[in-house]
1. Out of the trypsin sites (Lys or Arg not before Pro) in segment 25-114, which ones are loop residues according to DSSP with at most 16 other C-beta atoms within 10 Å?
2. Once fully extended, how much extra length lies between T397 and F312, figured as 0.36 nm per residue of separation less the alpha-carbon to alpha-carbon distance?
3. Report the label-to-label distance for L69 and R286 in nanometres (one decimal), using points 7 Å from each Cα along the Cα→Cβ vector.
4. What trypsin sites (Lys or Arg not before Pro) in segment 234-312 are in a loop by DSSP, with at most 10 other Cβ atoms within 10 Å of the Cβ?
5. Could you check the spin-label model distance between T272 and L166? Points 7 Å from the Cα along Cα→Cβ, value in nm.
6. As a footprinting exposure proxy, order H81, H250, H164 by other Cβ within 10 Å, with the fewest listed first.
7. Of the chymotrypsin sites (Phe, Trp or Tyr not before Pro) in segment 302-383, which ones lie in a loop per DSSP and count no more than 12 other C-beta atoms within 10 Å?
8. Which distance in nm do the two modelled labels at F364 and L184 give, with both placed 7 Å along the Cα-to-Cβ direction?
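Just so it is clear, none of the values below were taken in a lab; they were calculated from the coordinates. All values reported here derive from a predicted model rather than from experimental measurement. Cβ: placed from backbone, ideal geometry, glycine included. Neighbour counts: every protein chain shown.
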Amino acid sequence: MTPTATPTARGTARSAGTIGLYAAFGCLGYLLTGIGAILPELRAERGLPRAEAALYSSAFALGLVVVGLVGHRLAVRLGRHAIPTALAALISGATVMAVSGGRAGVGFGALLTGLGGAGLVQVVPSALRAVHGGEATVPIGEANAVSSAGSVLAPPIIGMALAHGLGWRAAFAIPPLALGAALLLTRSVVVPAQPAPGALTREKPEAKPVEEPVPAPADRVSFFGRWCDLVLAVGVEFCMVFWAADFLHHVKGLGSGSATTLSAAFVLGMATGRVASGPVVRFVRRPDRILALAALVALTGFTALWTVPSPFAVVGLLVMGLGVALLYPVILSEALAAWPTRPVQAAGRCALASGVAIGTAPLFLGALADATSLRAAVFVAPALLLVLLSRCGRRLTATD
C-alpha cells in the first residue's frame with residue numbers, strides 16, 4: 001500500500017501485505033486444530049490423564065480471554081507494531097510447543113499461541129480495511145477461508161507425520177516457517193490508530209462531547225441470552241475439535257495416524273457448512289429456526305458418530321461439522337444486533353464468551369472421561385446442543 005494508490009487499486013489489489021495476513025490466518029487455523037490433533041500423542045508421551053491434557057486447550061483459551069479484555073486498547077497503543085507483536089507471539093508459541101519436552105513448556109506455548117491468535121483476530125480485519133478501504137469485505141472473507149483451509153489441513157499433515165514415524169513435532173515445524181514469511185510480508189501493514197479521546201473537541205472547541213449511549217435493560221437481557229448461546233455453541237465446536245482424534249482412536253479403534261487424519265472430517269464439515277451458509281440463511285430467514293435446524297443436524301451427526309462402527313463413523317463427524325458450522329456466525333450476528341448501542345463492547349464480550357467456552361467445555365469433557373470413559377464423556381457435546389435447542393424452541397414459541 002502506498003499513499004498515492006488510487007481507490008480502485010487500493011480496493012482490489014492483493015498486495016504482499018494482504019498475502020501475509022492471509023498466511024497468518026491460515027497458520028492460526030492450522031495451530032488451533034493442530035492442538036486438538038496432538039492431544040492423544042501428548043497423553044501417550046507423558047502418561048497424562050485427559051483432564052491434564054485438556055489444560056493445553058485451556059491455556060490457549062486464557063490467551064483469548066486476556067486479549068478479549070484488553071486487546072483493543074493494546075492494539076491502539078502498539079500501532080504499527082501490533083501485527084508484528086501478534087505474529088511474534090504466534091511464532092513463539094508454535095516453536096515452544098514443537099521443541100519443548102516438558103508439560104509446562106507445551107502449556108506456555110499454547111498460552112502464547114492463544115495470545116498471538118486472539119491478537120491477530122483483533123487486528124487483521126482492521127488492517128485489511130486499511131489496505132482495501134471499502135472493498136475489504138471480500139479480503140476479510142478470503143482470510144477466513146484461508147484459516148478454514150489451514151484447519152482442515154492440520155490433522156492430515158500431522159497424521160502423515162505420525163504414519164511416517166516423524167512425530168507430531170515435525171508437522172508443528174511448518175507454522176513458524178510460514179509465520180516468519182508472513183512477518184516479512186506484513187512489515188509495512190499498519191493497524192489504523194483510533195482518534196484520541198477529545199481530538200474532535202480540540203479541533204472544534206464549540207462542539208459538545210457526545211454522551212455514550214446507555215444500553216437499555218432489554219438490550220442487556222437479550223444480549224446476555226445470546227452470549228449464553230455463544231458459550232454453548234463454541235463449547236460444542238471445541239469439544240469436537242480437541243477430542244475427535246482421541247475418540248476415533250480409543251473408542252472407534254482407528255490407528256493413531258488414521259484417527260488424527262480422519263478427525264479433519266469435523267472441520268471439513270464446518271468449512272463446507274460456512275461456505276453454504278448464505279443460501280440457508282436467506283431461505284430460512286428466522287435466526288432461531290436456523291439454529292434449531294443446525295442443532296438437529298449436528299445431533300444427527302453425533303448419533304451416527306457414536307453408533308456406527310469405524311471407519312464409517314467419520315461420516316457422522318462430517319455431518320456434525322455441517323450442523324455446528326452455522327451456530328457461531330448466526331449467534332454472533334444476533335448478539336451484536338442485540339446490543340447496537342455499544343458494538344465494540346459487544347464484540348469484546350463475544351470474544352470473552354469464546355474464551356470461556358474453549359477454556360471450560362473441553363476441560364470438563366476430559367475430566368469426565370477420566371472419571372468414567374471417553375465414550376460416555378463425549379455426550380457433553382450433544383448435551384450442550386440440546387440445551388441450545390431448547391432455548392431456541394422457547395424463543396420460537398414466544399414469538400409465534
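1. Values: sites: R43, R46, R50, R73, R77, R80, R103; in loops: none.
Here no loop site has a sparse enough neighbourhood.
2. On the way: separation 85, 0.36 × 85 = 30.60 nm, distance 3.70 nm.
My answer for the length gained is 26.9 nm.
3. 3.9
4. In loop regions of segment 234-312 (DSSP not H, G, I, E or B), the sparsely surrounded trypsin sites (Lys or Arg not before Pro) are R285.
5. Taking the two extended label points, one gets 2.7 nm.
6. Values: H81 13, H250 19, H164 10.
Fewest-to-most Cβ neighbours within 10 Å comes out as H164, H81, H250.
7. On the way: sites: F302, W306, F312, F364, F379; in loops: F312, F379.
Answer in residue order: F312.
8. 4.6
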